[in-house]
Structure formats: C-alpha cells, structure tokens
Amino acid sequence: MTDEAMMSTTFDLPGYRVEETKGMCWGVLVRSVGFAKGFTGGIRSLAAGEVPQYTDVVNKARAQAVERLMEHAQNLGANAVLGVRFDSSDVGNGLSEILAYGTAVVVSRV
C-alpha cells in the first residue's frame, strides 16, 4: 500500500483486509458562492441548463471536504476510509454546508 490514504464508497477494498476500525470521520466546510460568481451565476440561472459558476464552487467545496475527511481519518490513525458519502445543506444567508463522511479504518494488503 502507498503512503497515501485510500477511500471507497464501498465497505471493503479488494486485496485489503480491515485490521481495525477507528470510528466515524468527516470533513465539513461552509461555503459562500461569493459576489462575483453569485452575480454571474444568478444571471446565468435565468436560462435553463447548467450554471457552471455554481458547479465550479460545489466541485471545489467537495474536494476540500474530502481533503478534510482524509486528514481527520489520518489523525485517528487510519490509512483508509470506507463507506464514503457526501451530504449538503443550505444553512441560510447564501451559505451551504458540504459534508464528506465515512468510517476510518486501518487496512493491510492480503
């Protein structure tokens, strides 16, 4: 296995055995779209279809949530996260919460 922690949306990693479960881990952030993207995205949303300004913000937020998820797992002593899921919610005032969560585990190659 590499030094880089692994993650999976499934509850196993083929070729690896779960040696220890460290517990639940998560990465969370609250993000604002920002004035510029909010303005151009708002105008763009008047027409049907994708709003690339918002897609960009959400993709970056999810990537940051995953980074924080892996950091939390490693702080717990894990080298992998299983059952990874995402959740998001509107927390008001134009802010959105992005959450990545899963189970922190120690795995070893079979």
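The values are calculated or read from the model by the stated rules, or taken from the named source; none is laboratory data. Being a predicted model, the structure only gives us computed values, none of them experimental. Using ideal geometry, Cβ is built from the backbone for each residue, glycine included, and neighbour counts are taken over all protein chains shown.
Note on region 19-76: residues that are modelled with pLDDT of 70 or more, among the β-branched types (Val, Ile, Thr), part of a helix (DSSP H, G or I) and surrounded by 12 or more Cβ atoms within 10 Å (Cβ to Cβ) total 3. Scanning region 77-96 for residues that are over 11 Å from the mean Cα position of the chain (by Cα) and either part of a loop (DSSP other than H, G, I, E, B) or at pLDDT below 95 (or both) gives Gly77, Ala78, Asn79, Ser89, Asp90, Val91, Gly92, Asn93, Gly94, Leu95, Ser96. Among residues of region 90-109 that are under 28 Å from Met6 (Cβ atoms) and free of Cβ contacts under 8 Å to residues at least 60 places away in the same chain, none has a beta-carbon under 6 Å from a residue that is surrounded by 17 or more Cβ atoms within 10 Å (Cβ to Cβ) and hydroxyl-bearing (Ser, Thr, Tyr) at least six positions away or on a different chain. So, in region 1-18, of the ones that are β-branched (Val, Ile, Thr) and more than 10 Å from Ala80 (Cβ to Cβ), which residue ends up modelled with the lowest pLDDT? Filtering region 1-18 for residues that are β-branched (Val, Ile, Thr) and more than 10 Å from Ala80 (Cβ to Cβ), the one modelled with the lowest pLDDT comes out as Thr2.
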